[in-house]
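Data block below; observations after.
What follows draws every value from the coordinates through simple rules; no lab data is involved. As the structure is a prediction and not an experimental result, all values here were calculated from the model. Glycine gets a Cβ as well: all are built from the backbone with ideal geometry, and neighbour counts include every protein chain shown.
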Amino acid sequence: MGDTPRVALVTGAAQGIGAEVARVLAGEATIAALDTNAEGLLSLVAELRGKGQRATAWPVSVSDASAVETVVERIEKELGPIHTLVNVAGVLRMNPVVSLSDEDWATTFGVNTNGVFHVSRAVARRMVPRRAGVIVTVGSNAAGTPRMQMAAYAASKAASTMFTKCLGLELAQYGIRCNVVSPGSTDTAMQRGMWKDEHGADAVIAGASETFRVGIPLRRIATPRDIAEAVQFLASDRARHITMHDLCVDGGATLGV
């Protein structure tokens, strides 16, 4: 490919972890930024272009399989072959299971699980003939540790984590690697939406026995950059012999389980 930057498709790129992944990868790739938040996407793209980096905005819902297929085809035609896919798009609907609505459940899985399937399938179909590419799915440490009022979110992340590992097994023969980065509590709008007041971070770090949450041994909440740099590593040639791996980045909150 010479000096032509690789193309990296990042979903959920309008804010939080997705935006930070786009910023980190923009130094080495042309960014195709996907999100339903068109305004946030345009702001991110303007920011990256202002630094002389290459980025384009693609407003689309990953839950719409047809729209995903169309936009992936356009990205390949207009920007070039997608080398890196990072699935970050996600939603959180909190409620006890007995109060969880059908809409909450369907929406959560529509984005967090179906979305990962739709985008990964569309991109993998194009990676296979080229026998090259990397897929990283941002999951959650909740995929392996029960959390109160987070059944839909945790179940959806568990599903997308196992899907990504199965995809990695199928694509390994083509030299395509698929891995997962599982964050714990990270300072994003989604995380802050769960806080009761300005001391929310302290409460998360301390843990709470009434919700069977042990807190964070490293005594800090992750920043989006902490997660983005883990993604960057797994997407790089430094991780060329790593596939089907789930890298937990949670400060020890799940005690290494």
Can you give me the Rg/Rh ratio for segment 3-103, using Cα atoms for both radii and the Kirkwood formula for Rh? 1.05
Would you calculate the separation in nanometres between label points at ALA172 and ALA189, each defined as 7 Å from the Cα along the Cα-to-beta-carbon direction? 3.9 nm
What ranking do LYS196, LYS51, LYS165, LYS157 get, fewest neighbouring Cβ atoms within 10 angstrom at the top? LYS196, LYS51, LYS165, LYS157
Taking the Cα centre of the chain as origin and charging only Cβ (+1 Lys, Arg; -1 Asp, Glu), how large is the dipole, in debye to the nearest 20? 720 debye
Spelling out what I want: for every residue of segment 160-170, take phi, set θ = phi - 60°, compute 6.51 cos²θ - 1.76 cosθ + 1.60 (Karplus), and round to whole Hz; glycine and proline get x. 6, 5, 5, 4, 5, 5, 5, 4, x, 5, 5
Between VAL7 and residues 5 or more places away or on another chain, which pairs have amide H atoms under 5 Å apart, with H built 1.01 Å from N, and which residues are they? THR30, HIS83, THR84
Can you give the angle from 0 to 90° between the axis of helix 16-25 and the longest principal axis of the chain, with both taken from C-alpha atoms, to the nearest 10? 40 degrees
As I understand it, the value is the acute angle between the Cα axis of helix 114-130 and the longest principal axis of the Cα atoms of the chain; what does it come to in degrees, rounded to 10? 30 degrees
Integer Hz, Karplus 6.51/-1.76/1.60 couplings in order for segment 178-185, x for Gly and Pro: 10, 9, 10, 10, 10, x, x, 4
Once the Cβ-Cβ distance between VAL214 and ALA67 is put in as r, and R0 is 51 Å, what FRET efficiency do you end up with, to the nearest 0.05? 0.80
Packing-based exposure ordering (other Cβ within 10 Å, fewest first) of HIS199, HIS118, HIS245: HIS199, HIS245, HIS118
Which whole-number percent is the relative contact order of the chain (Cα, under 8 Å, 6+ apart)? 18 percent
Quick one: Karplus J couplings for segment 235-249, per residue in order, coefficients 6.51, -1.76, 1.60, θ = phi - 60°, nearest Hz, x for Gly and Pro? 7, 8, 5, 5, 10, 5, 10, 10, 8, 6, 9, 10, 8, 8, 10
Listing LEU85, LEU169, LEU34 from the residue with the fewest other Cβ atoms within 10 Å to the one with the most, what is the order? LEU169, LEU85, LEU34
For segment 130-257, give the magnitude of the charge dipole about the Cα centre (Cβ charges: +1 Lys/Arg, -1 Asp/Glu; no others), in debye to the nearest 20. 420 debye
Which whole-number percent gives the relative contact order of segment 171-231, counting Cα pairs below 8 Å spaced six or more residues apart? 35 percent
So who's got an amide H within less than 5 Å of the one on CYS248, skipping anything under 5 residues away but keeping other chains? H placed 1.01 Å off N, in plane. SER182
What is the set of long-range amide H partners of ARG213 at a cut-off below 5 Å, with H atoms built 1.01 Å from backbone N? ALA208
Segment 148-229: GluC sites (Glu not before Pro) in DSSP coil with no more than 15 other Cβ atoms inside 10 Å: GLU198
Can you tell me the relative contact order of segment 36-173? Whole percent, Cα pairs under 8 Å, sequence separation 6 or more. 25 percent
Angle check, please: helix 65-78 long axis (alpha carbons) against the longest principal axis of the chain (alpha carbons), in degrees 0 to 90, nearest 10. 40 degrees
Counting DSSP beta bridges with both partners in the chain, what percentage is antiparallel, nearest 5? 5 percent
Hey, for a label at MET162 modelled as a point 7 Å past Cα toward Cβ, could you say which residues of segment 113-155 have their backbone N under 13 Å away? 143-144, 155
